[in-house]
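Notes follow once the structure below has been shown.
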Amino acid sequence: MVKYWHFCLLSATSCLLLSTDNLDATVLSSIPSESSKHHSHIHTLSHLDLSRFSPYLFLKQSDKQSYLTASVCFITDAGNCGADKFGNTETPDGGGGGGTPDDHGTPEDLCKQAGYTNTPCPEGSSPSSYCPYDSSYHSDCECSSEYNQVCDTALGEKGVGTSCGGKYKECCNLCSDYKYTSIPSGYVSNGECQSCDGKKYKIKCDPQKFVSGSSCGSQGGSGSTCSDDSGTYYTECKCPNNYEWSSSQKKCVCATSFKYSCSGTGYSGGDGNSCDNKYSKCKCANGFTWNASQGACVCSSSYKYSCSGTGYAGGEGTACNGKYSQCKCASGYVWNASQGACVCNGLDWCSLNQNCTSLGYAKQSCSGSAIKCPFDTSYVYCFNE
């Protein structure tokens, strides 16, 4: 009995018959055929070394010997199928790429046959894909999106750093824009490129040291100047009245003397010009006076009496922080300005010690006989001897 195998290559354009015996008409007639799909003839090959085919053909290693073979050509293969071909460019010796990559050896071989390489990608690029049989092999390298500048050498441009695919991260026109070999005092770098005629910097005024003249407004700038492609810069701006220049804030701010809000008890508003609703001095309400050292409206010095206690009937006039410049006195007492107190009027028995004084007694020592005041024995009257 004739033994044979019938299978199609992966390209689906040819079928292969393997047999341990001659392929006679009976065997060949058993191949399914439709007039719309196949030619009426079959080509045969002999002594094919099957060791070149993949183990996916289910052949044992011991079966590596010569067999009689035949190819069935499809209509779509017209002009490309012959006695030694298996459709299109497929050949029984493994040429033409008709099989899967797995049909041709080790993972490294399979990757190489599929066009992959293990050569590292140049700087700035990375593999677009990797070989499915060995990830150390990869396809073509693709540049990072950062490499998007095409430098026009006709305009004197030059790429900065390494290139990828003929593109750079940055282009610079060294011979026109980059005029300085070092950065002068008061300036900072506005970009740095590779050497071109010994020039590598373009510069701009240091924003930490200078302020644009346009930002100074109608007042203008003052101090040292600096100029670059953007215009003229100054160390500071001239400030309007009540303002002064702040080096830390790089702008005109209220003068330090404008620091009082002039509101609250004892205040009646600001005195003079204001800046941001603050004044350098305040107006004070009645009973208060401006104290420059304290920066506040304080009670006038005359407001010093609490007007309370024996002989007092309250304050006279307005108060300042609970104190008065004069007091009202109770019945039998009068206000003594020199003492700053309500004292006995001398007509009434106001208090014991004042009564003793009114009667001629005093706090004294007598060399002779003496009489003590009945209201306060510390007061005495001395008799002359």
With the condition kept exactly as written, say whether any residue in the range 305-315 is in contact (Cβ under 8 Å) with a residue 40 or more places away in the chain and surrounded by fewer than 12 Cβ atoms within 10 Å (Cβ to Cβ).
yes
Filter the strands (runs of 3 or more DSSP E) completely within the range 254-300 down to those with at least 1 residues that are within 30 Å of residue 238 (Cα to Cα) and more than 44 Å from the chain's Cα centre (by Cα).
267-270, 282-284
Given the options 226, 299, 252, name the one that is modelled with pLDDT of 90 or more and farther than 22 Å from residue 205 by Cβ.
299
Could you pull out every one of the strands (runs of 3 or more DSSP E) wholly within the range 339-385 that has 1 or more residues that are small (Gly, Ala, Ser) and at pLDDT 85 or above?
341-344, 370-372
Take residue 255 and decide whether it is over 30 Å from residue 337 (Cα atoms) and among the hydrophobic types (A, V, I, L, M, F, W, C).
yes
Restricting attention to the range 209-230, report how many residues are touching a residue at least 12 places away in the same chain (Cβ under 8 Å) and in a helix (DSSP H, G or I).
6
In the range 233-252, what residues are assigned to a loop (DSSP other than H, G, I, E, B), touching a helix residue (DSSP H, G or I) at 6+ places or on another chain (Cβ under 9 Å) and surrounded by 18 or more Cβ atoms within 10 Å (Cβ to Cβ)?
239
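The values are calculated or read from the model by the stated rules, or taken from the named source; none is laboratory data. Worth saying up front: this structure is predicted, and the values here are computed from it rather than measured. Positions of Cβ are generated from backbone atoms using ideal geometry, with glycine treated the same way; all protein chains shown enter the neighbour counts.
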